């Protein structure tokens, strides 16, 4: 079962060693207590990381999220097929803010690529930001978005775009979702 944990819970599990299922925290508990003495595979920003050295690579302020994937009857095949035999005891995935920033920059670069292509063939593009169609005069301003504001940049297939936006849909319909959905 996958559990998404807050930064606080993450830090407790990974660095101070508490069991997320326990009602009281033991001062001598280990970060691996959640896995009942087993040795889960640990990923830091998508890369395998030795269990005993994780706390040397990550500071509390840098942790964005932690995902625990415990081995159970329901997800055993998924773990083995996805991560190999090393994940037979489960997986801990830790993502840091620096990794998040890198992903946001990739989204922004993708948006810039779409905007450059738009300049070459404007009639084939429709931009939608936070659910609102972007008028032609405002498209250039999309370059001013900050990478950290981006949540997702998706190019819809033409059929999907037509189903959603009807006659306004274009060959390249670009959906831009930001974390500032209340602002256009």
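The values are calculated or read from the model by the stated rules, or taken from the named source; none is laboratory data. On a predicted model such as this, the values are computed, not experimentally measured, just so you know. Positions of Cβ are generated from backbone atoms using ideal geometry, with glycine treated the same way; all protein chains shown enter the neighbour counts.
When the range 25-44 is filtered for residues that are modelled with pLDDT of 75 or more and either assigned to a helix (DSSP H, G or I) or touching a strand residue (DSSP E or B) at 6+ places or on another chain (Cβ under 6 Å) (or both), the ones remaining, listed by number, are 40, 41, 42, 43, 44. Tally up the residues in the range 63-80 that are free of Cβ contacts under 8 Å to residues at least 24 places away in the same chain and within 21 Å of the chain's Cα centre (by Cα), please. So the count comes out to 2. Select from the range 154-171 the residues that are in a strand (DSSP E or B) and buried (at least 18 other Cβ atoms within 10 Å of the Cβ) and list them in ascending order. Within the range 154-171, 156 is the sole residue that qualifies.
In this entry, residue 104 passes the filter for residues that are part of a helix (DSSP H, G or I), touching a helix residue (DSSP H, G or I) at 6+ places or on another chain (Cβ under 6 Å) and either assigned by TED's automatic domain parsing to the domain that holds residue 50 or more than 19 Å from residue 40 (Cα to Cα) (or both). For residue 99, the criteria (1) surrounded by 13 or more Cβ atoms within 10 Å (Cβ to Cβ); (2) within 29 Å of residue 48 (Cα to Cα); (3) modelled with pLDDT of 85 or more hold in every case but one, which is (3).
Of everything in the range 78-92 that is out of contact with any helix residue (DSSP H, G or I) (no Cβ under 8 Å at 6 or more places or on another chain) and modelled with pLDDT of 85 or more, the residue that is farthest from residue 39 (Cα to Cα) is 84. The set of residues in the range 127-138 being within 26 Å of the chain's Cα centre (by Cα) and either part of a loop (DSSP other than H, G, I, E, B) or buried (at least 16 other Cβ atoms within 10 Å of the Cβ) (or both) consists of 127, 128, 129, 130, 131, 134. Between 119, 61, the distinction of being within 30 Å of residue 179 (Cα to Cα), out of contact with any helix residue (DSSP H, G or I) (no Cβ under 6 Å at 6 or more places or on another chain), in a helix (DSSP H, G or I) and modelled with pLDDT under 80 belongs to 61 only.
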